[in-house]
Amino acid sequence: MRYVSTRGTAPILGFEDALLTGLARDGGLYVPQSVPHMDAHEIAALAGLPYEEVAFQVIRPFIGDDFSEDELRGAISRAYSVFAHPARAPLVQVAPQHFVLELFHGPTLAFKDFAMQLIGQLFQIAMKKRGERVTIVGATSGDTGSAAIEAFRGLDNVDIFILYPHGRVSEVQRRQMTTPPEANVHAVAVDGHFDDCQALVKDMFNDFDFRDSVGLSAVNSINWGRVLAQVVYYFTAATALGAPHREVAFTVPTGNFGDIFAGDIARRMGLPIRELVIATNRNDILHRAMTTGSYSVEGVAPTMSPSMDIQVSSNFERALYLASGGDGEVVKGLMEDLKGQGSFSIPQGIMEGLQERYASGRCSEEETLETIARLHATTGMTLCPHSAVGARVAEDHVSDVPMVTLATAHPAKFPDAVEEATQERPPLPHRMADLYDRPERVERCAGDLQAIETLIKERRAA
Ligand SMILES: *Cc1c(COP(=O)(O)O)cnc(C)c1O
């Protein structure tokens with residue numbers, strides 16, 4: 001399996017190199033040159049299998065020979081053994097054609113554990129084989145960073161630095177990043193917004209001297225391995241609801257577009273997904289882009305669903321690339337417009353391709369609270385604010401096929417919003433009940449490339 005950059009000029013890589021590299025050297029994102037196909041018979045055979053077995057069958061064709069079958073099976077099994085639910089991604093019904101896919105039973109209580117846990121294991125295997133050391137750098141609006149730290153803490157040959165916007169992540173998210181005691185873990189509080197943190201990471205990758213001198217690698221949502229791991233639960237959910245014999249729809253609370261893009265990959269593999277609905281909070285750049293054809297950055301407004309408070313949605317570039325029929329030149333131009341003027345207009349042909357594959361909707365803060373309260377009262381289920389944004393938008397798209405809303409975080413990660421909606425404070429699961437008592441360790445840093453690079457050089461193990 002070969003991977004190409006969305007901007008067309010970076011070297012073509014195999015899976016392992018694409019995984020370790022993260023961002024391509026031309027500033028683009030790696031995508032598979034072609035998407036492997038599963039026929040209806042193969043998809044039907046996945047129904048009811050253990051999550052790990054479905055993961056193996058879905059992921060295997062994307063990997064080529066870079067990892068042996070035993071290595072891949074071992075990595076998958078170690079990645080998900082730490083989940084607190086035997087189904088890993090259980091499905092719960094909330095209305096006649098509406099289901100919620102619970103993706104929050106991993107160690108940090110958010111769906112990002114599905115990808116991070118696996119990537120951690122794959123990095124470990126790759127680094128051991130190569131006898132090399134990497135520095136992983138990531139920007140987070142909260143959940144990516146805690147999931148990455150959880151996945152990489154204590155691993156050999158890896159230093160991990162996570163940049164988060166100071167004062168703009170929830171207390172649970174912050175503590176999950178600042179309390180692991182392992183020396184290879186570095187939480188960095190940056191003065192700025194999430195988009196500033198993300199821009200710093202991109203700039204570090206474009207500083208090739210720095211990049212090579214510390215062996216820089218990324219595991220945030222631009223990493224292809226992230227997307228790939230997330231393809232799996234679309235298969236487990238859809239086959240549980242009757243695919244491939246019946247179509248299924250999904251609504252995905254969306255920020256960086258990684259999770260929903262994984263759904264499109266599942267569909268390109270042959271899974272009969274009728275509709276993929278982008279759900280945004282009031283930071284609705286994706287919804288505006290899908291309805292007006294203009295992708296235009298406005299200020300970020302903080303909401304109760306902070307992991308979706310972004311204006312530059314990195315994986316959208318992958319969707320643009322596929323919708324352009326693989327035209328790296330065009331994508332490069334759009335991204336230059338974005339960098340230069342904060343906006344680009346989506347060419348007609350690409351727009352049609354996107355609208356064919358994605359629907360969209362947005363949900364206000366009031367609607368988010370109302371949805372948490374209503375589903376709590378009518379079903380007993382407590383949703384986190386991100387999942388509630390999804391559920392609310394999904395309700396407008398329920399049709400004659402099952403609609404699955406992805407529940408992306410555990411309600412206890414966002415206790416204030418949930419309490420405001422339900423008048424009940426959601427308790428942390430037992431296994432992390434002492435989170436508030438563990439000592440914190442954090443580096444504070446200006447939102448400045450030079451300062452961050454110096455900090456990383458000083459703190460990483462040589
Ligand atoms: C990261 C995150 C999202 C957004 O996912 P993307 O893949 O960035 O679109 C939504 N909800 C929660 C809880 C998250 O952590």
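The values are calculated or read from the model by the stated rules, or taken from the named source; none is laboratory data. Here the structure is a predicted model, which is why all the values come from computation and not from measurement. No Cβ is skipped: glycine too gets one built from the backbone with ideal geometry, and neighbour counts run over all protein chains shown. Quick note on the areas: whole protein, heavy atoms, side chains included, nothing else; ligands and nucleic acids left out. Shrake-Rupley method; radii C 1.70, N 1.55, O 1.52, S 1.80 Å.
Residues that are touching a strand residue (DSSP E or B) at 6+ places or on another chain (Cβ under 7 Å) and open to solvent by less than 10 Å² (accessible area, probe 1.4 Å) within the range 260-272 comprise 260, 263, 264, 266, listed in sequence order. Scanning the range 253-294 for residues that are touching a Leu at 6+ places or on another chain (Cβ under 9 Å) and within 20 Å of residue 400 (Cβ to Cβ), we see that the one that is farthest from the ligand (Cβ to nearest atom) is 267. For the range 106-150, how many residues are in a helix (DSSP H, G or I), open to solvent by less than 10 Å² (accessible area, probe 1.4 Å) and of a type outside the set (Ser, Thr, Tyr)? Count: 16. Among the residues of the range 236-251, are any more than 19 Å from residue 97 (Cβ to Cβ) and either away from the ligand (no atom under 13 Å from the Cβ) or open to solvent by 40 Å² or more (accessible area, probe 1.4 Å) (or both)? Scanning the range 236-251 turns up no residue that is more than 19 Å from residue 97 (Cβ to Cβ) and either away from the ligand (no atom under 13 Å from the Cβ) or open to solvent by 40 Å² or more (accessible area, probe 1.4 Å) (or both). Just one of the listed residues (334, 322) is in contact with a Phe, Trp or Tyr (Cβ under 6 Å, 6 or more places away or on another chain) and over 25 Å from residue 143 (Cα atoms), namely 334.
Taking the conditions exactly as written (buried (at least 24 other Cβ atoms within 10 Å of the Cβ) and part of a helix (DSSP H, G or I)), does residue 456 satisfy them or not? Before the answer, list the steps.
Details: buried (at least 24 other Cβ atoms within 10 Å of the Cβ): no; part of a helix (DSSP H, G or I): yes.
Judged against the criteria, residue 456 is not a match.
In the range 327-344, of all residues being part of a helix (DSSP H, G or I) and open to solvent by less than 40 Å² (accessible area, probe 1.4 Å), the one that is farthest from residue 420 (Cα to Cα) corresponds to 328. Does the range 189-212 hold any residues that are touching a helix residue (DSSP H, G or I) at 6+ places or on another chain (Cβ under 7 Å) and open to solvent by less than 20 Å² (accessible area, probe 1.4 Å), and which are they? Matches in the range 189-212: 190, 200, 204, 205, 210, 211. Which residue is modelled with the lowest pLDDT, if the candidates are limited to the range 379-425 and must be in a loop (DSSP other than H, G, I, E, B) and hydrophobic (A, V, I, L, M, F, W, C)? Out of the qualifying residues, it is 414. Among the conditions (1) under 28 Å from residue 97 (Cα atoms); (2) within 16 Å of the ligand (Cβ to nearest atom); (3) in contact with a Leu (Cβ under 7 Å, 6 or more places away or on another chain), the only one that residue 402 does not satisfy is (2). Filtering the range 212-265 to residues that are hydroxyl-bearing (Ser, Thr, Tyr) and either modelled with pLDDT of 95 or more or touching a Cys at 6+ places or on another chain (Cβ under 7 Å) (or both) leaves 233, 234, 236, 239, 251, 254.
Would you please name the residue that is farthest from the chain's Cα centre (by Cα), looking only at residues in the range 389-426 that are free of Cβ contacts under 8 Å to residues at least 60 places away in the same chain and open to solvent by less than 30 Å² (accessible area, probe 1.4 Å)? By that ranking, first place goes to 422.
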